[in-house]
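Take a look at the structure set out below.
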Amino acid sequence: METQKKTLTVFTPAYNRAYTIHKCYESLRRQTLWTEETWIKTTNGSTDNTAELIKQWQTVTDNGFEIRYVYKENGGMHTAHNTAYENIDTELNTCIDSDD
């Protein structure tokens, strides 16, 4: 059986967004067309518990999508975008902010 190639990556750069990132995660989980896709979460030097939340969500078996966590030192939003682009392996991608 051939494995379906993923076509879309949603990436979410964030800095200290633990207080709101769960809204983005729950929204992605509610999507009905969101299967075999990837969510890349890039923390831009966060010092709160954003990383712990993402790592916890990675253990959920029924997300419906792969979650990748990428940490980088704080360097501004544009560097978080660049880091995400370096980790995208799908044809399409879009950014959804942590408070969307």
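Counting only helical runs of four or more DSSP H residues, what would the 222 nm mean residue ellipticity of the chain come to if each run contributes -39,500 (n - 2.57) and the total is spread over all its residues? Provide the component values of the computation, followed by the final result.
Numbers: 3 runs with 29 residues, N = 100.
Taking each H run of at least 4 residues, the total per residue is -8500 deg cm²/dmol.
Want the number for Glu26 to Ile96: 0.36 nm per residue separation, take away the alpha-carbon distance, what's left? Intermediate values should be presented prior to the final figure.
On the way: separation 70, 0.36 × 70 = 25.20 nm, distance 1.27 nm.
Contour length minus the Cα-Cα distance gives 23.9 nm.
Sorted by mean Cβ packing within 10 Å, highest first, what order do the peptides 55-68, 78-91 take? Before the final figure, lay out the partial values.
Numbers: 55-68: 12.8, 78-91: 14.9.
Order by mean packing, descending: 78-91, 55-68.
Given Cα pairs under 8 Å that are at least 6 residues apart, what percent is the relative contact order of the chain?
Working: 175 pairs, mean separation 43.3, N = 100.
So the answer I get is 43 percent.
Only Lys, Arg, Asp and Glu count, each charged at its Cβ (+1, +1, -1, -1), so figure out the dipole size of the range 17-74 about its Cα centre, rounded to 20 debye. Provide the component values of the computation, followed by the final result.
Working: 8 positive and 8 negative charges, 30 e Å.
Dipole about the Cα centre, nearest 20: 140 debye.
May I ask you to give the solvent-accessible area per residue for the chain, in square angstrom, as obtained with a 1.4 angstrom probe? Mind showing how you got there, number by number?
Values: 5950 Å² over 100 residues.
Accessible surface, normalised per residue, equals 59 Å².
Which percent of the accessible area of the range 5-54 is formed by carbon and sulfur heavy atoms (probe 1.4 angstrom)?
Ligands and nucleic acids excluded, carbon and sulfur give 52 percent.
Rounded to the nearest 0.05, what FRET efficiency do Lys5 and Glu73 have when you use their Cβ-Cβ distance and R0 = 30 Å?
Working: r = 32 Å, r/R0 = 1.07.
Taking R0 as 30 Å, the efficiency between Lys5 and Glu73 is 0.40.
The values are calculated or read from the model by the stated rules, or taken from the named source; none is laboratory data. Predicted model only: the values in this text are computed from it and were never measured. Counting neighbours? That spans all protein chains shown, and the Cβs are built from the backbone with ideal geometry, glycine included. Only protein heavy atoms, including side chains, enter the accessible area calculation; ligands, DNA and RNA are left aside. Shrake-Rupley method; radii C 1.70, N 1.55, O 1.52, S 1.80 Å.
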